[in-house]
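Right, one structure below, let's go through it.
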Amino acid sequence: MSRTLFIFFLILLNIIRLPLSICLIVLKNFFPFLRKRLDFERKNFSDVHSISFYRENLQADYCFEISSEGELEQVRPLIEFFLMQSKKLEIIFSSCSVALKCESLAKKYPENVRILRLPVASASFINFLYFRSLWQWVSAPVVLLCRYDFYPELLTLGFSRKLILLSASQKKFTWYKKESYNFFKIIICSNQSDEVFFKRQYPKIKIDSFDFRIPRILERLNSRETTLSEHQELKMYLDFLENSPSVNKLILGSAWISDFKIFLGEDRWNKSILSGTLHMLIVPHDLSIDSISLIQKQLFDIFPMVPIYILSKKSTFNMDEFKSKPGIIILNMSGILCELYHYFKVSYVGGGFERSIHSVLEPFLAGSTVVVGGNVQRSAEYDYIKSIAPSEIDLLNNEESFYTLFNSLIEKDPQKEIRQAIFNDCSDKMGKIISEITTC
C-alpha cells in the first residue's frame, strides 16, 4: 500500500509542477535568486545542444542526471566509455557550477551529446511556453541518476524507462528516499557498507558497489606529468617540490579560512616555515580576488613574520627569493589540485569546519596521508578510506593538536600495497558494473 500511495503522491506532485512554476515566475521580480535560476533554465531554448534527440527523430542510448561538478566527475568514466562506443547520451544537470563542463562536452561531441539544464523553476508535465517537460525531452530508455536528485519528474521517468542509481548512500535515509529507491532497477553504492545496507533494505533490487571517482582520479594521476607540463609557470616550483627531500611538506587542499584555526596556539609553525624545514602550500577552495585577499590577511595575522607568496598564471613569483626567504605559497590556479597531491606526504583537506570536507580520495590515491576537520558525515569518500585504511586518514577533533599530528604522520610511510590493490581491482570492477548497466 505504501508504494501505491507514493506513486499517487508523485503523480500529484507532477501535476502541480506547472502552476507552481507559474507562481515562481510571478515572484521572480521579488527574489533575485529566482530570476537568476529562470534565466539559467531558459538557456535550454537558445542552446543548440539542448535540442532533444526526439526533434531529430533520433533516440539516445543513455540519459545521465547529475547535480553539480562533483557528480559529473563521479560518472565521467561511464560517460567517456559510452562515447568511445559512439553511444548517444543525454546529460541533465541542475547546478550552474557544472554548466561550462557540460557545454564543453556537448561541443566536443555535437552528434552524440545533448544537455539540459534541469527545469526546477520552470518544470511542467507538458512543454508549454517557457516550461519544459522531462518526459518530452528524454528519449533514452535507460536513465542513470547520481546520488540524491530525487525530483518527482525524474522518478516518474521510471514509469516507462529503466532507472539506475549511481553512488547511492544510506546517509539521511528519509521516508521519501526510502520509497524512491524502489524505482531503481540497479543501485550502485559508493562503498561496501552501503551495499550491505541496501541489500538488506531492497532484496529484490540488483545492488552492487563501486566508486566511479576512483578510475577518474587514477586517470588524472597517470597523466599528471602531461597535465602539469602545460603550466610553465609551475616548472621551477615543481622542481623545488621534487628535489627537496629534506624539507617537510604540507598541502592544504580546497582550503577555507575556517581551516586556518588549525595553526592557532602553536608558534612552532612559524619557526619551522621560516627556517625552511617546513614548506606549506595552500590551494584555496575559492579563488576569487576577495577570497585570496581575505586568506592573505588571515595568514598575516597568524604568521606575522612569514612571507606570503602568490603563485598564479599572472604572478611574478621569484623562486630565488622564495628559497632565500622561505614562506607560505598560495596557489591561485584551478584544475591541478589532484595532480599536486603527489608531491606531499601529508595532505590537509579543507571544508571540515564548513558543511563538509572536499575530496579525500584524490590525496589518498596520490599516496598522501590525509587529515580533515570534523564535518565528515556527508562524505562517502571518508567512510570508504576509513573502512580500508583507517591509519591513512585522521579526523582532527582538537585543532591545536595538528602540529603534533603532522610531525608524527610525516615520519610514517604510506601503505602502498593498499593503494595498489585498489588500482588492480578498479578495471575489473568497472567492467562488471558496465556489463550490469548495459544488460539491464
Restricting the range 94-136 to residues that are in contact (Cβ under 8 Å) with a residue 60 or more places away in the chain, hydrophobic (A, V, I, L, M, F, W, C) and touching a strand residue (DSSP E or B) at 6+ places or on another chain (Cβ under 6 Å), the one nearest to Phe150 (Cα to Cα) turns out to be Leu118
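Specify which of the listed residues (Phe150, Phe198, Phe173) is free of Cβ contacts under 8 Å to residues at least 60 places away in the same chain, open to solvent by less than 10 Å² (accessible area, probe 1.4 Å) and in contact with a Phe, Trp or Tyr (Cβ under 9 Å, 6 or more places away or on another chain). Spell out how you get there, then give the answer.
Values: Phe150 fails: open to solvent by less than 10 Å² (accessible area, probe 1.4 Å); Phe173 fails: open to solvent by less than 10 Å² (accessible area, probe 1.4 Å).
Exactly one residue qualifies, and that residue is Phe198.
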Is one or more of the residues making up the range 11-22 open to solvent by less than 40 Å² (accessible area, probe 1.4 Å), polar (S, T, N, Q), assigned to a helix (DSSP H, G or I) and at pLDDT below 90?
yes
Among the numbered criteria (1) free of Cβ contacts under 8 Å to residues at least 40 places away in the same chain; (2) open to solvent by less than 50 Å² (accessible area, probe 1.4 Å), which one does Ser408 miss?
(2)
Index of the failed condition, Thr4 passing every other in (1) of a type in the set (S, T, N, Q); (2) in a helix (DSSP H, G or I); (3) touching a residue at least 12 places away in the same chain (Cβ under 8 Å)
(3)
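Would you pick out the residues in the range 62-93 that are without any contact (Cβ under 8 Å) to a residue 12 or more places away in the chain and under 21 Å from Lys162 (Cα atoms)?
Taking the range 62-93 first, the residues without any contact (Cβ under 8 Å) to a residue 12 or more places away in the chain are 80, 84-85.
Passing the criteria: Glu80, Gln85.
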Every residue in the range 116-164 that is within 17 Å of Ser95 (Cβ to Cβ) and of a type in the set (Ser, Thr, Tyr), please.
Ser122, Tyr148, Tyr151
I'd like to know if the range 316-328 contains one or more residues that are open to solvent by less than 10 Å² (accessible area, probe 1.4 Å) and either modelled with pLDDT of 95 or more or closer than 22 Å to Gly373 by Cβ (or both).
yes
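Taking Phe159, is it under 20 Å from the mean Cα position of the chain (by Cα) and within 28 Å of Ser209 (Cβ to Cβ)? I'd like the intermediate steps shown before the answer.
Numbers: under 20 Å from the mean Cα position of the chain (by Cα): no; within 28 Å of Ser209 (Cβ to Cβ): yes.
Answer is no for this residue.
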Look through Ile7, Ile25 and report the one residue that is open to solvent by less than 70 Å² (accessible area, probe 1.4 Å) and at pLDDT 90 or above.
Ile7
Say whether the condition of being among the β-branched types (Val, Ile, Thr), open to solvent by less than 30 Å² (accessible area, probe 1.4 Å) and at pLDDT 95 or above is met by at least one residue in the range 203-224.
yes
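Mind counting the residues in the range 397-440 that are within 30 Å of Phe353 (Cβ to Cβ) and more than 22 Å from the chain's Cα centre (by Cα)? First the steps, then the outcome.
Start the filter on the range 397-440 by keeping residues that are within 30 Å of Phe353 (Cβ to Cβ), which leaves 397-415, 418-419, 422.
Subset that is more than 22 Å from the chain's Cα centre (by Cα): 397-415, 418.
Going through the range 397-440 one residue at a time, the tally reaches 20.
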Of the candidates Ser95, Ser46, Ser2, Ser67, the one satisfying the condition of being in contact with a Cys (Cβ under 9 Å, 6 or more places away or on another chain), among the hydroxyl-bearing types (Ser, Thr, Tyr) and at pLDDT below 95 is Ser67
Scan the range 176-187 and tell me whether some residue there is surrounded by 20 or more Cβ atoms within 10 Å (Cβ to Cβ) and among the acidic types (Asp, Glu).
no
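Out of contact with any Cys (no Cβ under 7 Å at 6 or more places or on another chain) and touching a residue at least 24 places away in the same chain (Cβ under 8 Å): is that true of Leu218 in this structure? Working first, answer last.
On the way: out of contact with any Cys (no Cβ under 7 Å at 6 or more places or on another chain): no; touching a residue at least 24 places away in the same chain (Cβ under 8 Å): yes.
For Leu218, the condition - out of contact with any Cys (no Cβ under 7 Å at 6 or more places or on another chain) and touching a residue at least 24 places away in the same chain (Cβ under 8 Å) - is not met.
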Output yes when any residue across the range 239-253 is without any contact (Cβ under 8 Å) to a residue 24 or more places away in the chain, open to solvent by 20 Å² or more (accessible area, probe 1.4 Å) and β-branched (Val, Ile, Thr), and no when none is.
no
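Select from the range 258-285 the residues that are outside any loop (DSSP other than H, G, I, E, B) and under 20 Å from the mean Cα position of the chain (by Cα) and list them in ascending order. Talk me through it step by step, then tell me what you get.
First, pick out the residues of the range 258-285 that are outside any loop (DSSP other than H, G, I, E, B): 258-263, 268-275, 278-284.
Residues satisfying the conditions are Asp259, Ile282, Val283, Pro284.
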Regarding Ser387, is this residue open to solvent by 60 Å² or more (accessible area, probe 1.4 Å), polar (S, T, N, Q) and in a helix (DSSP H, G or I)?
yes
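Inside the range 174-239, counting only helices (runs of 4 or more DSSP H) that do not spill past its ends, which hold 1 or more residues that are in contact with a Pro (Cβ under 6 Å, 6 or more places away or on another chain)?
Working: elements: 175-180, 192-201, 213-222, 224-229.
Hits in the range 174-239: 213-222.
The values are calculated or read from the model by the stated rules, or taken from the named source; none is laboratory data. Treat the numbers as computed from the prediction; the structure is a model and nothing was measured. Backbone-built Cβ (ideal geometry, glycine too); neighbour counts: all protein chains shown. The protein model used for the area step is the full one, side chains on, heavy atoms only, and it has no ligands, DNA or RNA in it. Shrake-Rupley method; radii C 1.70, N 1.55, O 1.52, S 1.80 Å.
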